[in-house]
Amino acid sequence: MLWRVAERKDHVGAQTASAPFSTRALSVDYGNGPVVRGVDFEAPHSSLVAIVGPNGAGKSTLIKASLGLQRSSAGEARFWGRPLREMRKRIGYVPQRGSVDWEFPVSVTDVVTMGRYGMLGWLRPVTAAHRRAALDYLDQVGMADFADRQISRLSGGQQQRVFVARALAQEADLYFLDEPFAGVDAATEKTLVDVLRRLRDQGKTAVIVHHDLATVIDYFDHVLLLNGEVIASGAAKDAMTVENLQRAYGGRLAFLEGASGAAFRR
Amino acid sequence: MSDADWLETFLRVVTLRGGYNTIVVMIGVSLLGVAAGAIGVFALLRKRAMMSDVLSHATLPGIGLAFLVAAALGANGRSLPVLLAGATIAAIVAALTVQWLSRSARLPEDAAMGAVLSVFFGLGAVLLSYIQTLRTGAEGGLSHFILGQTAAMSEQDAFLIGAVAAGVILAIALLGKEFRIVCFDPEFGAVQGWPIARIDLMLMALVVIVAVIGLQAVGMLLIVALMIVPAAAARQLTHNLWVMVALSALMGGVSAWIGAALSATFPRAPAGGLIVLVAGGVFIVSLLVGAWREKWRRASARSHGAAA
């Protein structure tokens, strides 16, 4: 009860109540100094949000801590102003492709139906209706022909599409995707961007860890530029300035000014 | 025993013509094999084979202590439920010790497991040799828990083993979906709200139950082999999890069946050794069949590609 009273007094809290995803002073510390430091962030409704930053900036850690997969040392994440445990059914997740064993003995459809497990209770089996839904979502990512294929016989791009279809099968309102474009072919990248835009057009929000600076402004509406702490956040065009990027990446970004400066000035 | 004699005995037992007690033992041990093969698939896929081995070895001091406590209280130290209760408690203590060591002593998990396995087993060996010196007359059967002995199994023991094994099989059938998500992608499951640690605990609990009821027939040294070897064999033959579970259960059951019949034929040989040797034979055949099928698949894919 106490924190509720405290939150009502805090009018910033009242504002975040409606945002699909927000963090307040979120920090993660493994014991060797903080990886994520005091992140205050709000993802707007119906938007595609990129989390951008150098290696080790805590992008995945921020997502995992928000989803309860890693322990945060301070602060909290909220979903539509509520704690995670009340909102799980409205949240979809695409982990990094390398986080699972692709030799595991399951088919493409088996993996996609795992997205339905959250709707099923203990001991309830996957039904034909769930398998039909899985096929629909496979079709949306152009993988319907691979439904019965063993996952060990997929290319990297196909694996990623299957993971995205599994998240779509969750039928969530807020999606988190961890590096979905890493190491995928151009056709897959285009398919995934189309899928994400369709989600946004349905009023949903997706928060995506992204590593390709050149495509950020093309693909995303909103950006969180991170290097342990928040460097900048806001509309993609406003946040992705050369100055902000240099603050986030330091000397590692020297090439950007010449090579892709154009991408950030549009 | 001449060649013809043992073959005749074996055939009689394996076709369930060995008398009522032998039949009950055969069925009990086979159900154990089915349960071991089924749970073994998940232990293998969750990469808990080594942990399972730690838990089964750690049952030995529990058996020794349970015998001593029961004897001190004037009860029958060889009562199977008493010994199995001691074994279960010891396995739980071992699991907690591994967890504690790898968390607070900053040891890699395999070092923690190795240390716990050997210390517990060493303690059990010392306890058992101490019990032998007591000459209570009841201690004779205890060493059978190391390598297994079906000959000494009573009809009641076999019923207990069979009933518990059937319960384990039912639990695996019911929890298949939960075990699958924990083995394939625990983080994704956690985001959906599945209590991953609790499901893991159920998985390891089933492993411990199978290990404990398997102590008498297969022995603590080899009971985990009866879980992992059929699962590894089944993995060679299929890419479908439920087919893998069914195949592994079948292979575990058949290995236990044939092994138990061999044990009845050669009562002096350790039953666990015989059962696991049969399972090993099944594994080698599966490995060859799997490799041959893969080669054939690649060859046909190549010729198909060339034609297209």
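Criterion applied to B:ILE39, B:ILE27 was being hydrophobic (A, V, I, L, M, F, W, C) and surrounded by fewer than 21 Cβ atoms within 10 Å (Cβ to Cβ), and the one residue passing it is B:ILE27. Selection within segment A:58-88: residues that are over 30 Å from B:LEU44 (Cα atoms), away from every other protein chain (no Cβ under 12 Å) and without any contact (Cβ under 8 Å) to a residue 40 or more places away in the chain. The member of this set that is least open to solvent (accessible area, probe 1.4 Å) is A:PRO83. Residue count for segment A:29-56 under the criterion of being open to solvent by less than 10 Å² (accessible area, probe 1.4 Å) and more than 18 Å from A:HIS222 (Cα to Cα): the result is 1.
Are there strands (runs of 3 or more DSSP E) fully within segment A:12-53 with at least 1 residues that are modelled with pLDDT under 95? List them.
A:21-29, A:34-43
Considering the conditions (1) more than 11 Å from chain B (Cβ to nearest Cβ); (2) among the charged types (D, E, K, R); (3) more than 17 Å from the chain's Cα centre (by Cα), A:GLU171 is excluded by exactly one of them, (3).
I'd like to verify a number: residues in segment B:99-158 that are open to solvent by less than 30 Å² (accessible area, probe 1.4 Å), more than 27 Å from B:ASN21 (Cβ to Cβ) and aromatic (Phe, Trp, Tyr), how many? Residues flagged as open to solvent by less than 30 Å² (accessible area, probe 1.4 Å), more than 27 Å from B:ASN21 (Cβ to Cβ) and aromatic (Phe, Trp, Tyr) within segment B:99-158 amount to 0. What are the pairs, 6+ residues apart or on separate chains, where a residue within segment B:70-92 that is closer than 15 Å to B:GLN216 by Cβ has its Cβ under 6 Å from a residue that is among the charged types (D, E, K, R) and surrounded by 19 or more Cβ atoms within 10 Å (Cβ to Cβ)? From residues that are closer than 15 Å to B:GLN216 by Cβ, the pairs are B:LEU80/B:ASP157. Give the residue that is farthest from the other protein chains (Cβ to nearest Cβ), with candidates limited to residues of segment A:97-136 that are surrounded by fewer than 18 Cβ atoms within 10 Å (Cβ to Cβ) and among the basic types (Lys, Arg). Restricting to residues being surrounded by fewer than 18 Cβ atoms within 10 Å (Cβ to Cβ) and among the basic types (Lys, Arg), the top hit is A:ARG132. Looking across segment A:165-199, the residues that are open to solvent by 20 Å² or more (accessible area, probe 1.4 Å) and closer than 24 Å to A:LEU245 by Cβ come down to A:GLU179, A:ALA182, A:GLY183, A:VAL184, A:GLU189.
Of all residues in segment B:131-151, those being at pLDDT below 80 and either touching a His at 6+ places or on another chain (Cβ under 6 Å) or among the polar types (S, T, N, Q) (or both) number 1.
Of all the numbered requirements in (1) open to solvent by less than 80 Å² (accessible area, probe 1.4 Å); (2) farther than 22 Å from B:VAL243 by Cα; (3) more than 7 Å from chain B (Cβ to nearest Cβ), A:ILE91 misses one, and that requirement is (3). Entry remark, segment A:181-207: residues being away from chain B (no Cβ under 14 Å), within 15 Å of the chain's Cα centre (by Cα) and closer than 22 Å to A:LYS64 by Cβ number 8 in total.
Quick check, is A:ASP139 open to solvent by 40 Å² or more (accessible area, probe 1.4 Å), more than 12 Å from chain B (Cβ to nearest Cβ) and out of contact with any helix residue (DSSP H, G or I) (no Cβ under 8 Å at 6 or more places or on another chain)? Outline the logic, then answer.
Details: open to solvent by 40 Å² or more (accessible area, probe 1.4 Å): yes; more than 12 Å from chain B (Cβ to nearest Cβ): yes; out of contact with any helix residue (DSSP H, G or I) (no Cβ under 8 Å at 6 or more places or on another chain): yes.
Criteria met by A:ASP139.
For B:ALA261, the test of being open to solvent by less than 10 Å² (accessible area, probe 1.4 Å), farther than 15 Å from B:LEU32 by Cα and either at pLDDT 95 or above or assigned to a helix (DSSP H, G or I) (or both) is failed.
Give segment A:143-178 a look and list any residue that's charged (D, E, K, R) and either in contact (Cβ under 8 Å) with a residue 40 or more places away in the chain or outside any helix (DSSP H, G or I) (or both), or say none. The answer is A:ASP148, A:ARG149, A:ARG166, A:GLU171, A:ASP173, A:ASP178. Of all residues in segment B:159-203, those satisfying the criterion of being within 19 Å of the chain's Cα centre (by Cα), open to solvent by 30 Å² or more (accessible area, probe 1.4 Å) and closer than 30 Å to A:LYS89 by Cβ are B:LEU170, B:ALA173, B:LEU201, B:MET202.
Does A:ARG149 count as over 30 Å from B:ARG198 (Cβ atoms) and within 10 Å of another protein chain (Cβ to nearest Cβ)? Yes; evaluated as a whole, the condition is true for this residue.
The values are calculated or read from the model by the stated rules, or taken from the named source; none is laboratory data. Nothing here was measured: the structure is a model prediction, and the numbers come from that model. Methodologically, a virtual Cβ is constructed for each residue, glycine included, from the backbone with ideal geometry; neighbour enumeration extends over all protein chains shown. Side chains included, ligands, DNA and RNA excluded: accessible areas come from the protein's heavy atoms. Shrake-Rupley method; radii C 1.70, N 1.55, O 1.52, S 1.80 Å.
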